[in-house]
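Structure first, then comments.
The values are calculated or read from the model by the stated rules, or taken from the named source; none is laboratory data. Keep in mind the model is a prediction, meaning the values are calculated, not measured. In this analysis, Cβ positions are derived from the backbone assuming ideal geometry, glycine residues included, and neighbour counts consider all displayed protein chains. In case anyone asks, the SASA skips ligands and DNA or RNA and just uses the protein heavy atoms, side chains included. Shrake-Rupley method; radii C 1.70, N 1.55, O 1.52, S 1.80 Å.
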Amino acid sequence: MTGWVVIAGLGPGNEALVTPEAQDALDQATDIVGYIPYVERVEPREGLTLHPSDNRVEIDRSRHALEMASEGKRVVVVSSGDPGVFAMAAAVLEAVEHGEPDWRDLDIRVLPGITAMLAASAACGAPLGHDFCAINLSDNLKPWDLIEKRLKLAVEADFAMAFYNPRSKSRPEGFVKALKLLQDTAGDSRPIIFARNVSRPDQTINIVPLDKATPDMADMRTVVLLGSSLTRIIERDGTPLVYTPRSVEK
């Protein structure tokens with residue numbers, strides 16, 4: 001087979017954060033597949049066909065990409081951030097596992113990108129500087145009970161945390177419940193960071209104590225970072241610096 005599929009991350013928004021490796025794949029592609037806003041980030045050119053689709057058709061999108069690659073096309077499946085973090089890499093591989101046997105022989109590559117939690121962390125220092133976990137707060141693909149269990153255990157283990165998809169118009173109550181659970185379980189004023197449109201010109205970084213945080217501080221353009229009990233704030237003019245020390249007293 002001469003076709004290939006590349007699953008590439010376009011970074012959090014700033015075009016300077018698209019890796020040269022991902023850009024090279026885009027330059028070689030005959031077809032781009034992805035969620036509408038991410039496909040819109042790809043510059044149209046002669047010989048390139050764009051295939052935008054809705055947000056909840058990941059498997060259909062993946063099958064389409066694999067079918068085109070089987071026909072000899074060079075296909076890039078685009079995600080924002082990193083394609084392996086709550087994005088299209090897992091969906092494409094799921095389609096391969098349950099799809100046509102010949103798809104397993106395709107040239108399939110996953111190219112890393114800069115995901116939103118890393119861009120947000122860098123924007124305010126190093127809140128993810130020690131052990132941390134990332135949790136997707138959307139219950140579209142998993143039950144809410146599982147999200148609550150993971151939140152409780154992560155607080156008990158004293159991880160710093162990154163939260164994706166915190167609050168949308170269709171499910172605003174989810175972050176209300178998540179934030180209350182975090183406040184009740186942690187029971188302290190560790191810093192929580194609301195990074196909206198991170199890396200873009202209208203980026204905002206809001207750092208507040210956990211016990212003063214309110215649900216309306218987040219939306220679907222926000223990645224939320226929660227420090228551990230050890231996370232520190234260095235006050236200064238402008239945005240404070242936040243970091244989680246790499247050492248823990250024995």
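Some points to look at:
- Strands (runs of 3 or more DSSP E) contained in segment 1-55 and holding at least 2 residues under 14 Å from PRO83 (Cα atoms): 4-9, 31-35
- Residue in segment 72-80 that is hydroxyl-bearing (Ser, Thr, Tyr), without any contact (Cβ under 8 Å) to a residue 24 or more places away in the chain and either crowded, with 18+ Cβ neighbours inside 10 Å or more than 28 Å from SER138 (Cα to Cα) (or both) present: no
- Selection of segment 8-32 for residues being out of contact with any helix residue (DSSP H, G or I) (no Cβ under 7 Å at 6 or more places or on another chain) and within 13 Å of LEU48 (Cβ to Cβ) yields ALA25, LEU26, ASP27, GLN28, ALA29, THR30.
- Tabulated pairs, segment 156-177, first touching a residue at least 12 places away in the same chain (Cβ under 8 Å), second open to solvent by 50 Å² or more (accessible area, probe 1.4 Å) and of a type in the set (Ser, Thr, Tyr), C-beta under 9 angstrom, 6+ apart or interchain: GLU156/THR185; ASP158/SER229
- Segment 118-138, subset of a type outside the set (Val, Ile, Thr), open to solvent by less than 20 Å² (accessible area, probe 1.4 Å) and not in a loop (DSSP other than H, G, I, E, B), residue farthest from PHE163 (Cα to Cα): CYS124
- Of all the residues in segment 200-250, those that are among the small types (Gly, Ala, Ser) and at pLDDT below 95 number 3.
- Segment 106-117, residues that are surrounded by 15 or more Cβ atoms within 10 Å (Cβ to Cβ) and not hydrophobic (A, V, I, L, M, F, W, C): PRO112, GLY113, THR115
- Residues located in segment 209-220, provided they are open to solvent by less than 20 Å² (accessible area, probe 1.4 Å) and over 17 Å from MET117 (Cα atoms): LEU210, ALA213
- Any chance ARG190 is more than 28 Å from GLU15 (Cα to Cα), basic (Lys, Arg), at pLDDT 95 or above and in contact with a Leu (Cβ under 7 Å, 6 or more places away or on another chain): yes
- Out of PRO52, PRO12, PRO83, PRO20, one residue alone is touching a strand residue (DSSP E or B) at 6+ places or on another chain (Cβ under 9 Å) and open to solvent by 60 Å² or more (accessible area, probe 1.4 Å). It is PRO52.
- Qualifying residue in segment 28-43 (condition: open to solvent by 10 Å² or more (accessible area, probe 1.4 Å) and over 24 Å from ASN197 (Cβ atoms)): yes
- Residue list for segment 221-249, restricted to those being of a type in the set (Lys, Arg) and over 17 Å from MET117 (Cα atoms): ARG232, ARG236, ARG246
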